[in-house]
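Participant: Just dropping this structure here.
The values are calculated or read from the model by the stated rules, or taken from the named source; none is laboratory data. Everything numeric here is computed off the predicted structure, so don't read it as measured data. Here the Cβ positions follow ideal geometry from the backbone for every residue, glycine too, while neighbour counts run over all protein chains shown. Quick note on the areas: whole protein, heavy atoms, side chains included, nothing else; ligands and nucleic acids left out. Shrake-Rupley method; radii C 1.70, N 1.55, O 1.52, S 1.80 Å.
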Amino acid sequence: MTETLTDPRVVRAIELAWREAALLDAKEYEAWQGLYADDARYVIPIERDAEDFDDVLNMVHDDARMRGLRVRRMTEGYAIAAVDSAITVRTVSRFIPTDVDDRSVTLKAAQIIVAYKRGRHDLWAADVDYVVRLGASGDEDRFARKVVRLVNADEAVPAAGFLL
Amino acid sequence: MTEFTAATVYDLPPADLVLGDRVAGRMYTDPAIFDQERTKIFERSWIWVAHESELPKAGSFKSTHVGRHPVIVTKDRKGEIRTLVNRCRHRGASLCEKKTGHANGFTCPYHAWSYGLDGKLRGIPYPDGYEGVMDKADLGLKTLRTESYGGMIFATVDADAEPLADFLGDVKLWIDRFMAQGGGYPVKVLGTHRFTYRGNWKIQLENTTDGYHFPIVHRSWMASVDAETAEMMSFMTDPTAVTHDLGNGHSVMQMVPEHSDLEADDGSEPLQPRFDGLVAQLEAAGADEAEIRRLVRAVHGTGFNLNLFPNVSMSISFFRVLRPISVDETVIEHVALGSDGPAEIVGPVNRERLRAHEHFQGPFGFGTPDDSEGWDRVQRGAQGAPELPIMVNRGLGREKPSAEGWPTSHVTDETGMRAAYAQWKRMMSDD
Ligand code: FES
Ligand SMILES: [Fe+2]
């Protein structure tokens, strides 16, 4: 079966990914957190091909509790890296739907982030896997999973005060 | 002692930039000093290259750097660990571009000269052109002196360096204590975070022994952990939390003195309730009460940072490794550690340790990015007013020898930095 980008269910999943990108660039972390289902995982692995993240070291491995703590850290004003974090502009594209039914959509995408701070532009390139759980309407669609696989995941990346 | 002024600071020899209680900001910004450091410090000291668990069997390798030299650390067939310069003897190509792995030897991709795990040149394609020109025996990979203690493997470019055991001296006792966090099993590397910051390597060298910044920079991490963990890390006003100068630039900073020696457990300290789930898993796996207690008490690591000059810190529960890239760029590795034992026991323990490591460390941890922001700012600020020194005088007035004879001060004092800079000064004035 061929999944198409014009399938209305796929369009909703893409819209959610783009909504998330806009919220992260705007650093609206409280609203961002609301895009995730309670049982969702948000992961930035070190091994590019990892599928099981529990027994390996990751850059980020967040369940709902950790996402909550992270949002607090990003917004409370005590984290000097977050207070002075880079300005980001990101593009998410090259979507490939791999699994679509009426309850969920699995997508692969490419993400390019340009992060600007103190006269310098840093480039963050990644493949992203999304699993979107479809709600009754677009407003109720939620991420069940997001995995950001940086092209340089196992190399030295700059320490960052923003989210990918 | 020569004082530096705006007029003299750029002309003084590097050793004059370190005074007992302060150093010059030029040490962070001068590319010529950086070049000398690579030669006089990173190519003369014992440089940490690997933990033995990263080389589990014959053929295991890890690539890293010693000073300017890219190297491959290998375990050969006889189990001997070698440090080979990662440079083909033909025309200089790098032999191995993988971080870790397993191999029978290394074949250069350019003209296919092949080398054994011990660095010996084994094969040359179409060898007739070399008849009477050279002897294969002379063209093995350059190997560096390699010695280890307590599973910590070091290499040096300096053929005349003192034995590693002498260089470590009183550090050895603390390495033994650090490794007790295996909880009755050997310590094992679980994974490595790598990140960069735009600052001089010595800023991080200072940081591994800087207790003073903790509650300020890590306020957001402190707010995110449970009350017991926060309480454990509230060493600012604890007079028993001290830093010792262990000699040769090494120091140990005891943040949680009651966890300095995990093997000394009188049983009075209750296990934290947040580990109830872990305890239940270990009970289900058949571990007895004593073993559970040993493993769970060790989940947070040891109560100290052991700072080895110049490139590795054994920091509570992980290794911090630094590699200078240029005068104002440094790569840091945060190496997560766990226990090496039967999966049903160490599985749940190591998962707990991995999650705790991710929580603080790495490019997106709740601690590292804040440290990194501080270090970037030191680099930016230190360009200004070169006559103003970088202060490392905190606690000078309360520094006293410990019973063992180690110069000792409070954990928030700059005793460890003074120790490191004294070694820096010695090595930089050596010709
Ligand atoms: S450079 Fe290695 S074989 Fe020629
Ligand atoms: Fe810190």
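Participant: Out of everything in segment B:334-364 that is within 16 Å of ligand 2 (Cβ to nearest atom) and more than 8 Å from chain A (Cβ to nearest Cβ), what residue ends up being farthest from the chain's Cα centre (by Cα)?
Facilitator: Checked segment B:334-364; the qualifying residue farthest from the chain's Cα centre (by Cα) is B:ALA356.
Participant: Kindly evaluate B:GLY367 against the criterion of being buried (at least 21 other Cβ atoms within 10 Å of the Cβ), more than 9 Å from chain A (Cβ to nearest Cβ) and within 14 Å of ligand 2 (Cβ to nearest atom).
Facilitator: When the stated conditions are applied, B:GLY367 passes them.
Participant: Okay, next question. Give the residues of segment B:57-70 that are assigned to a loop (DSSP other than H, G, I, E, B) and in contact with a strand residue (DSSP E or B) (Cβ under 9 Å, 6 or more places away or on another chain), sorted by residue number.
Facilitator: Within segment B:57-70, the first condition is being assigned to a loop (DSSP other than H, G, I, E, B), and the residues that meet it are B:57-59, B:67-68.
If the condition is that a residue be assigned to a loop (DSSP other than H, G, I, E, B) and in contact with a strand residue (DSSP E or B) (Cβ under 9 Å, 6 or more places away or on another chain), then B:LYS57, B:ALA58, B:GLY59, B:GLY67 are the ones that fit.
Participant: Is it fair to say B:PHE275 is open to solvent by less than 10 Å² (accessible area, probe 1.4 Å) and of a type in the set (Phe, Trp, Tyr)?
Facilitator: The answer is yes for B:PHE275.
Participant: If I filter segment A:6-16 down to residues being part of a helix (DSSP H, G or I) and of a type outside the set (D, E, K, R), which single residue comes out as surrounded by the most Cβ atoms within 10 Å (Cβ to Cβ)?
Facilitator: Out of the qualifying residues, it is A:ALA13.
Participant: Residues in segment B:127-158 that are on the phi > 0 side of the Ramachandran plot and at pLDDT below 95: how many?
Facilitator: Counting residues in segment B:127-158 that are on the phi > 0 side of the Ramachandran plot and at pLDDT below 95 gives 1.
Participant: Now a separate question. With B:THR107, B:THR192, B:THR143 as the choices, which residue is within 14 Å of chain A (Cβ to nearest Cβ) and either within 16 Å of ligand 1 (Cβ to nearest atom) or polar (S, T, N, Q) (or both)?
Facilitator: Numbers: B:THR107 fails: within 14 Å of chain A (Cβ to nearest Cβ); B:THR143 fails: within 14 Å of chain A (Cβ to nearest Cβ).
The conditions single out B:THR192.
Participant: Any idea which of B:MET232, B:MET222, B:MET236, B:MET179 is away from ligand 2 (no atom under 16 Å from the Cβ) and aliphatic (A, V, I, L, M)? Lay out the reasoning, then the answer.
Facilitator: Details: B:MET232 fails: away from ligand 2 (no atom under 16 Å from the Cβ); B:MET222 fails: away from ligand 2 (no atom under 16 Å from the Cβ); B:MET236 fails: away from ligand 2 (no atom under 16 Å from the Cβ).
Only one candidate qualifies: B:MET179.
Participant: Do you know which residues across segment A:17-53 are open to solvent by 50 Å² or more (accessible area, probe 1.4 Å), closer than 23 Å to B:GLY362 by Cβ and part of a loop (DSSP other than H, G, I, E, B)?
Facilitator: Scanning segment A:17-53 gives A:LYS27, A:GLU47, A:ARG48, A:ASP49, A:GLU51, A:ASP52.
Participant: Can you pull out the helices (runs of 4 or more DSSP H) entirely within segment B:195-252 that have at least 1 residues that are within 14 Å of chain A (Cβ to nearest Cβ) and open to solvent by 30 Å² or more (accessible area, probe 1.4 Å)?
Facilitator: Correct list: B:214-217, B:219-222.
Participant: Ok, one more. Collect the residues in segment B:329-344 that are open to solvent by 10 Å² or more (accessible area, probe 1.4 Å) and out of contact with any Ser or Thr (no Cβ under 7 Å at 6 or more places or on another chain), keeping them in residue-number order.
Facilitator: Pass one, segment B:329-344, residues open to solvent by 10 Å² or more (accessible area, probe 1.4 Å): B:329, B:331, B:333, B:340-344.
If the condition is that a residue be open to solvent by 10 Å² or more (accessible area, probe 1.4 Å) and out of contact with any Ser or Thr (no Cβ under 7 Å at 6 or more places or on another chain), then B:GLY341, B:PRO342, B:ALA343, B:GLU344 are the ones that fit.
Participant: Which members of segment A:41-75 meet the condition of being β-branched (Val, Ile, Thr) and facing another protein chain (nearest Cβ under 8 Å)?
Facilitator: A:ILE44, A:ILE46, A:VAL56, A:VAL60
Participant: Okay, next question. Given the criteria out of contact with any helix residue (DSSP H, G or I) (no Cβ under 6 Å at 6 or more places or on another chain), under 30 Å from A:ALA153 (Cα atoms) and within 16 Å of ligand 1 (Cβ to nearest atom), does B:VAL71 qualify?
Facilitator: The answer is no for B:VAL71.
Participant: Quick one: which of B:GLN383, B:GLN361 is modelled with pLDDT under 95 and either basic (Lys, Arg) or away from ligand 1 (no atom under 16 Å from the Cβ) (or both)?
Facilitator: The unique qualifying residue is B:GLN383.
Participant: Going by the structure shown, is B:SER402 of a type in the set (S, T, N, Q), open to solvent by less than 50 Å² (accessible area, probe 1.4 Å), more than 21 Å from the chain's Cα centre (by Cα) and in the same structural domain as B:GLY247 (by the TED database)?
Facilitator: It is true that B:SER402 is of a type in the set (S, T, N, Q), open to solvent by less than 50 Å² (accessible area, probe 1.4 Å), more than 21 Å from the chain's Cα centre (by Cα) and in the same structural domain as B:GLY247 (by the TED database).
Participant: Return the only residue of B:ALA161, B:ALA180 being part of a loop (DSSP other than H, G, I, E, B), open to solvent by 10 Å² or more (accessible area, probe 1.4 Å) and modelled with pLDDT of 95 or more. Working first, answer last.
Facilitator: On the way: B:ALA180 fails: part of a loop (DSSP other than H, G, I, E, B).
Only one candidate qualifies: B:ALA161.
Participant: Any residue in segment A:76-93 that is open to solvent by 30 Å² or more (accessible area, probe 1.4 Å), more than 10 Å from chain B (Cβ to nearest Cβ), touching a Ser or Thr at 6+ places or on another chain (Cβ under 8 Å) and among the β-branched types (Val, Ile, Thr)? Can you show your working first?
Facilitator: Let us first name the residues in segment A:76-93 that are open to solvent by 30 Å² or more (accessible area, probe 1.4 Å), namely A:76-78, A:80, A:83-84, A:87, A:89, A:91, A:93.
If we keep only those that are more than 10 Å from chain B (Cβ to nearest Cβ) as well, we get A:87, A:89, A:91, A:93.
Checking which are touching a Ser or Thr at 6+ places or on another chain (Cβ under 8 Å) leaves us with none.
No, segment A:76-93 contains no residue that is open to solvent by 30 Å² or more (accessible area, probe 1.4 Å), more than 10 Å from chain B (Cβ to nearest Cβ), touching a Ser or Thr at 6+ places or on another chain (Cβ under 8 Å) and among the β-branched types (Val, Ile, Thr).
Participant: Right, next: Checking B:GLU373 against (1) at the interface with chain A (Cβ under 8 Å from one of its Cβ atoms); (2) in contact with a strand residue (DSSP E or B) (Cβ under 8 Å, 6 or more places away or on another chain); (3) open to solvent by less than 20 Å² (accessible area, probe 1.4 Å), which single condition isn't satisfied?
Facilitator: So the condition that B:GLU373 fails would be (2).
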